[in-house]
Amino acid sequence: MKFLFLFALKNITRQKRRTILTSSVIAIAIIFFIIITSLLKGFYDVSFENELNFNTSHMKIRSIKYDEDKPFEIDNYMKNYRYVIERIKNFNFIKGFTEIISFNGEIDNSINTRFVIIMGVNYKTIDSVFVFKDFIIEGSFDKEGIIVGKDIAKDMNIDTGSSVFLTFRRKDMIESIEFIVSGIISSPNPLVNRNYVYMDIEKAKDILGVDAITEIAIKTDDYNRCDKYAEIIGREIKDVKVFNWVILAKDFLQMAQAKAKGNGFLIFFIAIIGFVGVVNTTMISVYEKRREIGTLKTLGMREKDIVLLFLIECFLIGLIGVLTGLIFGSILNLYFVLKGIDLVSKTGFEDINVGYRVLGIVKSRWDTPLITIASLLSILFTTIAGYIPARKGAKMEPAESLRVIQ
Amino acid sequence: MLLRIVNINKKYISGKAYFQALKDISFEIDEGEFVAISGPSGSGKTTLLNIIGCIDKPDSGEVILDGRSLKARTPDELASLRREYFGFIFQTYNLIPVLTAYENVELPLRLLRRFKEDEMRKKVEDALKKVGIYEMRDRKPLELSGGEQQRVSIARAIVKEPRLVLADEPTANLDTENGKNIVQIMREMNKNEKITFIFSTHDLLILQYANRIISLRDGKIVDDVRK
């Protein structure tokens with residue numbers, strides 16, 4: 001085996017250009033794979049963090065009557081929220097909670113109107129669950145004012161101190177109330193910037209005329225255990241529905257699944273590149289070495305050893321390609337890992353909803369398991385690729401091969 | 001008796017045309033013989049050697065080696081026979097270009113897989129010394145002259161001490177002096193190591209070294225002379 005390995009090594013160094021060309025194709029594919037998957041992982045991870053930090057939290061407790069299809073209906077409100085809050089204080093896995101009342105409405109600056117989601121939040125506790133105050137880029141919280149998403153402000157030409165009307169449904173009638181914009185929020189989650197208006201929860205309850213809330217958002221000690229925690233809360237507190245982040249982030253997770261399929265396609269694509277390149281190289285190599293194969297067979301080399309010799313050559317070409325790709329791919333990727341990519345200025349993602357909850361500079365993150373799988377599969381595919389031409393070469397009659405004039 | 005050839009026939013077909021390369025060839029070779037197969041180009045010398053060396057199959061007839069028929073053998077069995085019994089010398093040397101002279105000579109021993117590294121080294125060095133090419137052992141084939149390459153080829157053929165060495169026109173690509181040297185080396189191996197040689201040639205100068213000459217013409221044996 002050692003001899004065959006050294007023999008194969010000498011063979012691939014004989015045709016340096018061809019070896020370099022074939023392994024370069026594999027290397028380039030690996031470089032692209034590393035950069036793309038790391039970027040996607042960066043998007044996914046940041047997106048996931050944003051989803052938890054700005055939207056779903058780890059868990060949400062809602063009324064037993066909560067209807068997911070009509071999330072802003074008054075019937076959905078949880079009236080026994082004070083009792084629920086007292087009870088959840090006893091669970092030591094809960095690290096923070098905040099009450100929210102949400103309803104939809106229209107923002108009107110007397111020139112334009114726009115549909116928005118109005119969130120009544122507890123400014124004292126919101127940062128124990130979400131990341132909120134850090135992203136208020138202008139103004140500040142005011143009990144009587146509202147904070148609007150950056151995109152809403154931009155589109156409607158609203159500044160801090162502007163006066164706007166919020167129109168919403170209160171019980172069976174439509175109400176319109178004037179508010180002063182006390183702040184503008186610019187969140188890494190584009191949904192917040194595009195759609196959300198925040199106000200104090202007590203003000204929200206007051207204008208809706210209800211003593212109820214939509215939900216209690218919860219942060220736990222470990223979001224991976226939320227299904228278990230949800231079960232405990234559901235068992236201990238009656239008349240509530242508990243939603244963990246897996247349910248709340250359903251659409252996000254569906255996108256993540258699509259991403260996994262995309263990665264699978266990328267791996268397949270790279271493997272095909274390696275496969276085609278190596279089939280071609282091995283076919284040429286077998287053709288050129290017909291006489292040599294004839295000599296080896298004449299000297300008594302077994303067919304399976306000839307096949308093995310070619311497979312080792314293919315393996316080495318794949319290995320060289322993958323290692324080169326890993327080295328150069330890692331060096332290039334290091335830039336994206338350290339510096340990141342500015343989504344807004346480079347891609348215009350702000351205007352395009354691609355499903356990722358990210359904005360601004362996103363840094364790539366190493367997807368080591370996926371890169372390892374892709375590398376191993378590339379080597380495996382390139383090795384397998386050599387089998388058919390190698391078998392064809394090994395099956396040649398030695399007398400025929402020796403007659404070849406080279 | 002080492003080898004018996006019984007009524008060998010072989011024809012090559014190309015489209016509708018065919019060429020009868022060998023017609024009813026029969027002869028026997030004893031151990032230790034130094035046999036030349038002579039004849040003009042196209043007389044069937046190479047085909048006959050290929051059939052004897054199990055790298056080609058006859059259409060009919062039988063090759064009996066050491067009392068065993070070679071009929072109906074699998075490719076791997078034939079490869080095993082070639083490894084164990086035969087040494088091969090080719091007109092165009094057929095050395096492996098990426099291997100050094102030493103590694104080319106070592107190759108048949110590697111394929112046999114029965115020698116330790118030390119044993120192999122000694123055998124290879126002995127073989128290289130016998131053909132007078134030891135000093136050039138680290139050179140690759142392209143760095144050697146034709147005569148030197150053929151010496152390496154002979155060392156490769158004899159290194160495993162085969163029962164029978166088949167040499168197809170071993171001097172055809174060499175000048176007279178080098179050709180003579182090569183045949184003299186083969187003859188010494190035959191005398192000293194008791195290795196049986198069958199070689200094909202149409203060079204009269206070389207034929208004088210043979211102790212038996214089998215003459216072929218149009219695929220038939222026309223003469224079989226022992227000296």
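Quick check, is A:Leu309 closer than 25 Å to A:Ile31 by Cβ and either charged (D, E, K, R) or in a helix (DSSP H, G or I) (or both)? The answer is no for A:Leu309. Within the option set B:Ala157, B:Ala101, B:Ala127, being at the interface with another protein chain (Cβ under 10 Å from one of its Cβ atoms), under 19 Å from the mean Cα position of the chain (by Cα) and buried (at least 24 other Cβ atoms within 10 Å of the Cβ) holds for one residue only, B:Ala157. Do you know which of the residues in the stretch B:2-29 that are out of contact with any strand residue (DSSP E or B) (no Cβ under 8 Å at 6 or more places or on another chain) and of a type outside the set (A, V, I, L, M) is farthest from B:Val165 (Cα to Cα)? Of everything passing the filter in the stretch B:2-29, B:Lys16 is farthest from B:Val165 (Cα to Cα).
I'm trying to understand the selection: among the residues of the stretch B:160-185, which are among the hydrophobic types (A, V, I, L, M, F, W, C) and either over 18 Å from A:Thr298 (Cβ atoms) or more than 15 Å from the chain's Cα centre (by Cα) (or both)? Result: B:Leu174, B:Ile182, B:Val183, B:Ile185. Among the residues of the stretch A:73-91, write down those that are part of a loop (DSSP other than H, G, I, E, B) and touching a residue at least 40 places away in the same chain (Cβ under 8 Å). Within the stretch A:73-91, A:Tyr77, A:Lys79, A:Asn80, A:Phe91 meet the criteria.
Residue-wise test of (1) of a type outside the set (S, T, N, Q); (2) over 14 Å from A:Ile100 (Cα atoms); (3) at pLDDT 90 or above.
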site	(1), (2), (3)
A:Glu178	yes, yes, yes
A:Met199	yes, no, yes
A:Ile213	yes, no, yes
A:Ile218	yes, no, yes
A:Tyr223	yes, yes, no
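Scan the stretch B:16-32 for residues that are in contact with a helix residue (DSSP H, G or I) (Cβ under 8 Å, 6 or more places away or on another chain) and surrounded by 16 or more Cβ atoms within 10 Å (Cβ to Cβ) and the total you get is 3. Scanning the stretch A:371-398 for residues that are in contact (Cβ under 8 Å) with a residue 24 or more places away in the chain, hydrophobic (A, V, I, L, M, F, W, C) and farther than 20 Å from A:Met283 by Cβ returns A:Ile371, A:Ile373, A:Ala374, A:Leu377. Can you tell me how many residues in the stretch B:164-182 are assigned to a loop (DSSP other than H, G, I, E, B) and at negative phi? Matching residues across the stretch B:164-182 total 6.
Give the residue that is nearest to the other protein chains (Cβ to nearest Cβ), with candidates limited to residues of the stretch B:58-72 that are at negative phi and crowded, with 16+ Cβ neighbours inside 10 Å. Only one residue tops the list, namely B:Pro58. Residue under question is A:Asp134, and the condition is that it be under 35 Å from the mean Cα position of the chain (by Cα) and without any contact (Cβ under 8 Å) to a residue 40 or more places away in the chain; does it hold? It is true that A:Asp134 is under 35 Å from the mean Cα position of the chain (by Cα) and without any contact (Cβ under 8 Å) to a residue 40 or more places away in the chain.
Exactly one residue among B:Leu144, B:Leu81, B:Leu128, B:Leu111 is more than 18 Å from B:Asp168 (Cα to Cα), in contact (Cβ under 8 Å) with a residue 40 or more places away in the chain and among the aliphatic types (A, V, I, L, M), and that residue is B:Leu144. For the stretch B:64-76, the criterion of being modelled with pLDDT of 90 or more and touching a helix residue (DSSP H, G or I) at 6+ places or on another chain (Cβ under 6 Å) is satisfied by no residue at all.
Every condition in (1) more than 15 Å from B:Leu3 (Cα to Cα); (2) within 11 Å of chain A (Cβ to nearest Cβ); (3) among the charged types (D, E, K, R) holds for B:Arg82 except the one numbered (1).
The stretch A:111-170 holds strands (runs of 3 or more DSSP E) entirely within its bounds, and those carrying 2 or more residues that are at pLDDT below 90 and either loosely packed, with under 15 Cβ neighbours inside 10 Å or basic (Lys, Arg) (or both) map to A:163-170.
Of all residue pairs spaced 6 or more apart or on separate chains, those with beta-carbon atoms under 7 Å, a first member in the stretch A:43-60 that is surrounded by 23 or more Cβ atoms within 10 Å (Cβ to Cβ) and a second member that is of a type in the set (Asp, Glu) are A:Lys60/A:Glu215.
The values are calculated or read from the model by the stated rules, or taken from the named source; none is laboratory data. These numbers were taken from a predicted model, which means no experiment stands behind them. All Cβ positions, even for glycine, are placed from backbone atoms using ideal geometry, and neighbour counts span all protein chains on display.
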